[in-house]
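Step one of this worksheet: look at the structure below.
The values are calculated or read from the model by the stated rules, or taken from the named source; none is laboratory data. Treat the numbers as computed from the prediction; the structure is a model and nothing was measured. All Cβ positions, even for glycine, are placed from backbone atoms using ideal geometry, and neighbour counts span all protein chains on display. Accessible surface areas use protein heavy atoms only, side chains included; no ligands, DNA or RNA. Shrake-Rupley method; radii C 1.70, N 1.55, O 1.52, S 1.80 Å.
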Amino acid sequence: MMLERMITSTVLILVIFCLRKLTMGKISMRLRYALWLLVAARLLVPASVGTTAFSVMNLLPETVLERAQTFSSGRENGQGLSAEDETQPVYGGVQASAYSDGKNGGAEPAAGEIKTRAEMMPAAERASGEKAQEKNDAAVRPVSLSPADVLGVIWILGFLAVGGYMVTAQWRFVRFLYKNRKAFPAEALPEAFAQRFLRRGMKVYQVKGLPGACLAGGHVYIGEGTGAQEQNLTHVLAHEYCHARHGDGFWAFLRSALAAVYWFDPFVWAAAYAARQDSELACDEAAVSMLGESGRFAYGRTLLALLENGGGRERCPGMTIMMEGSGQNVRERITALAKKGRTKRPVFAAVMAAVILACGCAFTGAEREGANPVKETGAQDMAGTGENAQGDNDSGTDGRNRQMQDRENSGEFASVQKEYEDAAKNVKLSEEQIRALEESARQEADWQAFTETLHYHGAMEGKDDSELSKNREFDIQGYYDWLEGKGGEKPEDGWYLLCREDGGMISLYGLYTEAFGFRGLKTRIGTDVNTLDLPWCASYQNGNSENIRILEIADGGWPRRFVWKLPTGESAQVEKWQLYEGYRYDTGTIDLKILTPEACVKWAEKYLTFNVDQEAARVHVVYDEDMYLGDIDISSWQDRVIEDVRIVPDSVGFWLEDPENEANNGGGADAYQTDPDGVCEGTAHMTVGLKLKGLDGLWFHGLPVLTIQIVADENSDSGFRLVHPEISETFSAKALWQKEALNGD
């Protein structure tokens, strides 16, 4: 059956590929997509439907079919009969071999004399003999595997590997969606789709880091920037709605399942890939039909825009993702949109005729004389009479030879299997891989444990809504005294007020637990509370109200867009800060963006160039390869040989932008301050450090800092963009410990 399905499905796949090529632009894409149902049906149906002269199996030589049947049944290795078989015919009380060993001259037994040895024994003796034979077989004959059994084991291993990969990939992708999703505001949905989605029970979610839209679990997931333009959002929703209407979630799962079952067949993989592409073309066609012909080319421009923004980077079996595949596939979709293909009656008739003929060739069996070689072979095995009796009923010596051959085959397979198992056991991971696996497992366990802690304390905070809970501050000095054994009290697990914006509209809380330390933030705006998995540290800098700035007020008078900064690490020599921007929806939920010091340093390394002029005691700073920013005076270090100039990673800080007009605090939806490059969030300051010959680390005492403006940018990965770098004429880095270290040196 497997051989027949492989051959017939391959023929059917090749026919459909030819039809796809010949009818491009001449039939509907939805009809072209429907043709793949025939391949799925052929792969799912275990047997042919009758026999016809049109079957492709007629082209296969009968000897090949017989060989395949014999191979799969195991008779090729002598597994069909045994010389000691208790059902071997006995003629008149003499075993059949007596008539074929030359002593009886091939005498024929009389009619009615044919009996088996077991039939001639008394019942008690026959039962005793059967038990003895079973024990003897179990003790003497080894377990033997036919070539078909070996192939079966290989198929199972391949199926588990491919299927396991697909299940794991889908689980990880769904977990990514559920972990990062947030509900898309219902009021922001286009009216044309709000009712459609409501009738189907579909919801729309935004997912941070998702490069393209997808349909999963009956719901639509879009990237953060998709909803920025209403037209693009309409096109994306129309496409995903058509996926849901076509039932592509089920068909995607079926394609993955068939690819896992037929993992060894490249034609099945090619068909699955082409069907996946045709499903996108069919949805494009259906979406344009829904939106109207006037939006055809605007829809195509949306596809190109999504491709440029990183579409197609996420792949997952069993999912329907709008921008999947290569740029060539997207060009095919654009070409199909431009051709505006529709089904023409003559072409439709020709396609149907070709499909009917292909089905007749693929779904029916071979029409032959004596069509069932298995039954004929079985009949001959059981006959044991005439001229073929001697060949079909092996003598005891031949049977033992076959058993020895079975043992050799089984032993060879066992040896190969043992070698494979030994090789698998001897595979050793490098130390780096082992550490990476251990770290990944530790981080996963740590994240799960902290999530439970965060939710537990979040629930406790919700029950305790007293003023004490809202205003309890962390005892920083007491904490450090307790750590150093100088008194103080061990801090309690719970939430602590870190800072509050001057107007009192935004409060920021930090979670401390003995198990996880300073981890967990909570924003409170009125009665709306959002809990975030973010780090903080015990610092006197936390209480400054200028750490929070409101950039935009919603019509209702509550903050719409705001920024805050917090220290995430502090010591006698280092301060580490992070910058956050929150966008508050009318539902009370917050869309959060984070700018880290690492991102700032990476930007500086990409765009800033430092050229050292040792003789002039100057460092020339160039921005973006050709924009001269100025010089940094290094005369105080001229007695040292400077090998390199770099940004100090642990010295990046942030200043928040002051509101342009404090009177705007009363309300309105205007931003406080704007910039030609976007909404200005604040300024990042970075310290330039010198790599001195013979000394480790970067030295920066007395050198001026660099200031770079930070603007909001929805198209960037972090949500921020750095612009307008300058060398500060006012501020310089202070690190007295460096000066003391050099003097001591």
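Just a few scattered comments:
- The shape of the stretch 163-271 can be summarised by an equivalent ellipsoid whose semi-axes, obtained from the alpha carbon gyration tensor, come to 29, 16, 12 Å from longest to shortest.
- C-alpha center-to-center spacing [the stretch 190-252, the stretch 696-742] in angstrom: 43
- Nearest-10 value in Å² for the accessible area of Asp626, using the 1.4 Å probe: 130
- The stretch 582-637: translational diffusion in µm²/s, Stokes-Einstein, Kirkwood Rh over Cα pairs, 25 °C, 0.890 mPa s: 172
- Whole-Hz ³J(HN,Hα) from phi, Karplus 6.51 cos²θ - 1.76 cosθ + 1.60, for the stretch 718-727, glycine and proline x: 8, x, 10, 9, 9, 9, 6, x, 9, 8
- Length added when fully stretched, Ala350-Arg199, from 0.36 nm per residue minus Cα-Cα: 50.5 nm
- Amide H to amide H, with H built 1.01 Å from N, Lys203 comes under 5 Å of Val220, counting only residues 5 or more places away or on other chains.
- HN-Hα J in Hz across the stretch 164-170 - Karplus 6.51, -1.76, 1.60, θ = phi - 60°, x for Gly and Pro: x, 4, 5, 5, 5, 4, 5
- Measuring how big the stretch 518-605 is from its alpha-carbon positions, Rg and Dmax come out at 14.2, 45 Å.
- Taking amide H as placed 1.01 Å from N in the peptide plane, Leu551 has its amide H under 5 Å from the amide H of Arg561, Phe562, Val563, each at least 5 places away in sequence or on another chain.
- Only the Cβ atoms of Lys and Arg (+1) and of Asp and Glu (-1) were treated as charged; on that basis the dipole of the stretch 241-293 about its Cα centre amounts to roughly 240 debye.
- Using θ = phi - 60° and Karplus 6.51 cos²θ - 1.76 cosθ + 1.60, couplings along the stretch 708-714 (whole Hz; Gly, Pro as x): 10, 6, 10, 10, 6, 8, 5
- In Å², nearest 10: area of Thr364 left accessible to a 1.4 Å probe: 20
- For the stretch 485-551 versus the stretch 597-619, the gap between their alpha-carbon centres in whole angstrom: 35
- Interchain or long-range residues, amide H under 5 Å from Gly520's placed H: Leu511, Leu534, Trp536
- Cross-link table Lys490/Lys522; Lys490/Lys734; Lys470/Lys593; Lys490/Lys739; Lys602/Lys734, entries beyond 32 Å C-alpha to C-alpha: Lys490/Lys734; Lys490/Lys739
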